[in-house]
1. What number of residues within region 185-194 satisfy the criterion of being without any contact (Cβ under 8 Å) to a residue 60 or more places away in the chain and either assigned to a loop (DSSP other than H, G, I, E, B) or over 24 Å from S127 (Cα atoms) (or both)?
2. Helices (runs of 4 or more DSSP H) wholly in region 317-398 with at least 2 residues that are at pLDDT 95 or above and on the phi > 0 side of the Ramachandran plot - which ones?
3. From the list A61, A91, exactly one residue is touching a Phe, Trp or Tyr at 6+ places or on another chain (Cβ under 8 Å), buried (at least 19 other Cβ atoms within 10 Å of the Cβ) and modelled with pLDDT of 95 or more. Which is it?
4. In region 52-69, is there at least one residue being within 16 Å of ligand 1 (Cβ to nearest atom) and either in a loop (DSSP other than H, G, I, E, B) or among the aromatic types (F, W, Y) (or both)?
5. Can you name the condition, by its number, that T402 falls short on among (1) touching a residue at least 60 places away in the same chain (Cβ under 8 Å); (2) under 24 Å from the mean Cα position of the chain (by Cα)?
6. Counting only residues that are assigned to a strand (DSSP E or B) and under 15 Å from R26 (Cβ atoms), which one in region 199-249 is farthest from ligand 1 (Cβ to nearest atom)?
7. Under 6 Å between Cβ atoms, at least 6 apart or on separate chains: pull out the pairs that start in region 29-53 with a residue that is within 19 Å of A124 (Cβ to Cβ) and end on any residue that is within 16 Å of ligand 1 (Cβ to nearest atom) and part of a helix (DSSP H, G or I).
8. So, of the residues in region 1-19 that are assigned to a loop (DSSP other than H, G, I, E, B) and in contact with a helix residue (DSSP H, G or I) (Cβ under 7 Å, 6 or more places away or on another chain), which turns out to be farthest from ligand 2 (Cβ to nearest atom)?
Amino acid sequence: MKEAKSKLVCLDCKKEYSPEEKTRFRCDCGELLEVISDFESFNRSPENWKKEFDSKKDEIAFLRYKDLLLPDLPEDKIVTLFEGDTPLFKANHSLSEKFGIKDFSIKHEGMNPTLSFKDRGMVAGVSWANHLGVDFVACASTGDTSAAMAAFAAQCPSLNSIVLLPEGKISFEQLSQPISSGAITIGLQTDFDGAMKLVQELTKKHPIYLLNSMNSIRIEGQKAIGIELLHQMNWKIPDWIIVPVGNAGNVSAIGKGIRELHDLGIIEKLPKLAGVESEKANPLYISYKNDWAELKPKKAENTIASAIQIGNPVSFKKAVRELKHFNGVMEQVSDKEIMDAKALVDATGIPVCPNSGVALAGAKKLRENGKIKEDESVVVIATAHGNKFSQSIIDYHKGENTYSNKPKSVKADLLEIENALGLNQ
Ligand SMILES: Cc1ncc(COP(=O)(O)O)c(C=O)c1O
Ligand SMILES: [Zn+2]
């Protein structure tokens, strides 16, 4: 057997474990684990790393970057839905002007097969579950994690999936996804934080493989978002990368991936990293404002950004470490700011979800308050597709909002249509 390149290491006491352990998600001391891989053992120069990625341009993104993600995963265990290679949209001139950001791009992770970035973690997590030979996978979810987990598990005949959802707090489209993929779907009368607590108890007691982002294998998969972005930009580093934050797994993953690229000399400069929360669910923002003080879990209030309505982010420590390393900041935004920023981007033909709207509104605000300078380049990570949250779109446009585009209703009559179009004046 080949010597393993990766191990799980405690964030705190540095105790090491094998990723082959099926039920190990935390250290004995209670702290989270992270994957540490020996990339030096590949013995590649920065140029050779880049050549390696270029030579795999036609492979799925996970395979292209696999040496930096899960080098020990046997290729025949990969469960893929052809995720990744998501578009990087350059904002048009008018959108750029509205945000006050000249060099403004959006990496749209909502263009993944289950319409969110969660597919990046699930190709890693479900493939690893397949490699371990487990029968059941489970997660708690604000909607997108369960959609992705259920779809990937459905590709793998030996895997059954269980999802725990906060009842009434996810969109209809999101709920339809795990159900249609065949997952055992359980609604709970609690919020996400309550569901998260219960799924940990469940997977501790029974031989069920946990696929929330506290499973650090998933974080390794999500690193591909940042790596692929910089590869797409031909390794030219933007000044800022802006990410919406809920459980704080994604900002940690994007940070870890880019930090490792930098450590290997593949990139020479680091971007700045900004995390953005809804002001209704803002524990990281509060910590940042208090000099990165300890996490004070709070009850998340209702926000239009339902996928990030999280008051006790599991990956808090990892996120703070990355944000500090990247000279990063946190920002918070209101529901109105979220929906207005989303509407501006939607209106350019790029449909983004309200959670992506959080990062977009954050970019606008950080530019307005001068944290982002006029000539700095910005990439916002859009995390899910707008059509996963169609109710919020209909409500916004039917209401009296800044950028409402109200649908009209007229009799089935040519004259009425002409009147509605102002053609008879
Ligand atoms: C669409 C969307 N955006 C952002 C997030 C936040 O990601 P994280 O929980 O990793 O911070 C989530 C999930 O929680 C999500 O579903
Ligand atoms: Zn420990």
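1. 5
2. On the way: elements: 335-346, 354-368, 390-398.
Qualifying helices (runs of 4 or more DSSP H): none found.
3. Only one candidate passes the filter, namely A91.
4. No, every residue in region 52-69 fails to be within 16 Å of ligand 1 (Cβ to nearest atom) and either in a loop (DSSP other than H, G, I, E, B) or among the aromatic types (F, W, Y) (or both).
5. T402 satisfies all of (1) touching a residue at least 60 places away in the same chain (Cβ under 8 Å); (2) under 24 Å from the mean Cα position of the chain (by Cα) except (2).
6. Our first condition is that a residue be assigned to a strand (DSSP E or B); within region 199-249, this holds for 209-210, 240-244.
Add one more test, that the residue is under 15 Å from R26 (Cβ atoms), and what stays is 209-210.
Values: Y209: 19, L210: 15 Å.
Of everything passing the filter in region 199-249, Y209 is farthest from ligand 1 (Cβ to nearest atom).
7. Listed by first residue and then by second, the contacts come to L33/S216; E34/S216; V35/S216; V35/E220.
8. Quick first cut of region 1-19, residues assigned to a loop (DSSP other than H, G, I, E, B) only: 1-5, 11-15, 18-19.
Pick out the ones that are also in contact with a helix residue (DSSP H, G or I) (Cβ under 7 Å, 6 or more places away or on another chain) and you get 5, 11, 19.
Numbers: K5: 22, L11: 7, P19: 16 Å.
Result: K5.
The values are calculated or read from the model by the stated rules, or taken from the named source; none is laboratory data. Note that the structure is a prediction, hence the values are computed from the model and not measured. Counting neighbours? That spans all protein chains shown, and the Cβs are built from the backbone with ideal geometry, glycine included.
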